[in-house]
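Structure record follows, encoded as structure tokens.
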Amino acid sequence: MKKDFDFSSIASSFMLYGDLVSAAPYGNGHINDTFELVFNQSGNQVRYILQRINTNIFRDPVSLMENISRVTAHQKLKSSDSRQYLTLVSANDGKKYVVDAEGNYFRAYLFIENATSYDILETPRQAYEAARAFGRFQADLADITGGRLVETIPDFHNTPVRVQNLENAIRKDACNRVREVAEEIDFVLSRKDICSKLIDLQKANIIPERITHNDTKLNNVMIDNATGRGICVIDLDTVMPGLVHYDFGDMVRTGTSPAPEDERDLGKIFMRFENFEALLRGYCSEAGKVLNDAELENLPFAGALITLEIGTRFLTDYLEGDVYFKTHREGHNLDRARSQFQLVRSIESQYNEMMNLLNQVKKEIRK
Ligand code: ADP
Ligand code: GN1
Ligand code: MG
């Protein structure tokens with residue numbers, strides 16, 4: 001990560017009061033550069049989050065920030081607790097972002113104190129709470145006004161396009177890595193027929209487009225340290241029109257395995273059914289009532305599909321030379337792809353149990 005940004009100058013372009021005490025990298029995101037800023041405000045230490053938007057990935061940062069402003073303003077209307085939504089700090093010129101001399105886009109948020117974003121969930125209760133927060137997020141945004149949100153990354157969860165990208169990367173073989181990963185490639189291509197299932201249901205008007213978060217990795221929700229409640233959904237760059245399955249699927253991907261996303265010991269990777277149940281119940285407690293039958297019935301499938309899709313993206317990035325996701329060691333993206341595929345196997349093997357539970361939960365919702 002580039003570290004020599006002029007933090008004093010950037011910070012002074014935002015409406016932040018006091019003296020900047022420190023600026024340090026923060027968090028484990030794969031995309032943006034996140035920093036913790038500490039200010040001395042009349043003797044009190046106050047923290048802020050500063051982020052440099054990754055404009056290689058988000059090509060239209062101005063529209064992206066417009067999306068985030070609209071989303072957070074709408075959330076504010078729905079909540080009386082300011083820790084339940086992100087608050088952007090305005091720049092001195094009234095905009096919600098600052099561009100530095102080198103053309104980097106920065107935004108600043110109030111720091112949500114006394115809350116934690118977990119890379120690995122410790123208890124099913126945390127899974128329930130995180131999923132409840134994401135469910136509420138979708139429900140709150142259902143009636144956002146002002147027209148369709150901008151698609152910040154087109155085809156972000158278009159799984160067939162993601163597989164197509166993998167096939168292109170195989171054909172190019174830019175880093176001569178294809179020969180190492182025949183098994184992984186076969187894993188994806190042998191599942192090609194399931195990849196368009198959700199998009200086909202959408203095209204047939206069986207499942208509707210809604211406003212979704214699209215990056216519901218469990219570390220993108222803050223859990224209150226004192227109450228254990230899921231309080232605030234963060235990382236709003238990909239909030240845009242989508243299918244609810246994209247959100248639920250990514251919760252299953254990141255909220256059910258006891259091992260990290262880049263675990264190399266495949267024996268440690270599996271879906272904990274009790275976490276799946278907690279995610280399903282937590283999510284449905286907020287979003288269940290608005291979902292139609294086809295949406296509900298495809299939630300178990302979504303876990304396998306989105307895990308396969310993200311694994312495919314890691315594998316593609318490995319073949320392309322690690323140009324998209326931040327990596328911290330040799331073969332990091334390949335380790336991530338392998339772990340995702342192991343999790344897909346585990347999710348697939350529990351399909352019947354997931355459907356039985358789904359039918360039970362559906363009856364409870366429809367009562
Ligand atoms: P990325 O897109 O790179 O994943 P995130 O927006 O998720 O970036 O931020 C990275 C990490 O920074 C989060 O996982 C979280 O721990 C922390 N974080 C982000 N925003 C806030 C905030 N407003 N208050 C406290 N912590 C935050
Ligand atoms: C990225 O930004 P972060 O780290 O929350 C990625 C997600 C992937 C995830 C895999 C914009 O999420 O799509 O699922 O890594 N975000 C983007 O860990 O590509
Ligand atoms: Mg994140």
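Taken over region 195-214, the criterion of being over 15 Å from V161 (Cβ atoms) and in contact with a helix residue (DSSP H, G or I) (Cβ under 8 Å, 6 or more places away or on another chain) is satisfied by L201, I206, I207, P208, E209, R210, I211, T212, H213. Of the numbered criteria (1) among the charged types (D, E, K, R); (2) closer than 20 Å to D143 by Cα; (3) within 16 Å of ligand 1 (Cβ to nearest atom), the one E286 fails is (3). Candidates are the residues of region 109-124 that are among the hydrophobic types (A, V, I, L, M, F, W, C) and within 16 Å of ligand 3 (Cβ to nearest atom); the one that is most open to solvent (accessible area, probe 1.4 Å) is I120.
When we screen I53, I49 for residues that are under 19 Å from the mean Cα position of the chain (by Cα), closer than 16 Å to I153 by Cα and within 11 Å of ligand 1 (Cβ to nearest atom), the only hit is I53. Consider R148 carefully, then state whether it is closer than 27 Å to M65 by Cβ, among the basic types (K, R) and not in a helix (DSSP H, G or I). The answer is yes for R148. Selection of region 68-104 for residues being without any contact (Cβ under 8 Å) to a residue 60 or more places away in the chain, open to solvent by less than 50 Å² (accessible area, probe 1.4 Å) and within 21 Å of R47 (Cβ to Cβ) yields T87, L88, Y97.
The rows are residues; the columns are (1) touching a residue at least 40 places away in the same chain (Cβ under 8 Å); (2) out of contact with any strand residue (DSSP E or B) (no Cβ under 6 Å at 6 or more places or on another chain); (3) surrounded by fewer than 17 Cβ atoms within 10 Å (Cβ to Cβ).
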| residue | (1), (2), (3) |
| --- | --- |
| N292 | yes, yes, yes |
| L296 | yes, yes, no |
| I306 | yes, yes, no |
| T316 | yes, yes, no |
| T327 | no, yes, no |
| F341 | yes, yes, no |
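Just one of the listed residues (G311, G267) is small (G, A, S) and in contact (Cβ under 8 Å) with a residue 12 or more places away in the chain, and it is G311.
Cβ separations smaller than 8 Å between residues 6+ apart or across chains give the following pairs from region 215-242 residues that are modelled with pLDDT of 95 or more and away from ligand 1 (no atom under 14 Å from the Cβ) to residues that are open to solvent by less than 10 Å² (accessible area, probe 1.4 Å) and of a type in the set (S, T, Y): M240/T212; P241/T212; G242/T212.
The strands (runs of 3 or more DSSP E) located wholly in region 1-100 that include 3 or more residues which are closer than 26 Å to D322 by Cα and not aliphatic (A, V, I, L, M) occupy 33-41.
The values are calculated or read from the model by the stated rules, or taken from the named source; none is laboratory data. Since this is a predicted model, take the numbers as computed values, not measurements. Glycine gets a Cβ as well: all are built from the backbone with ideal geometry, and neighbour counts include every protein chain shown. Surface areas here come from the heavy atoms of the whole protein model, side chains and all, with no ligands, DNA or RNA. Shrake-Rupley method; radii C 1.70, N 1.55, O 1.52, S 1.80 Å.
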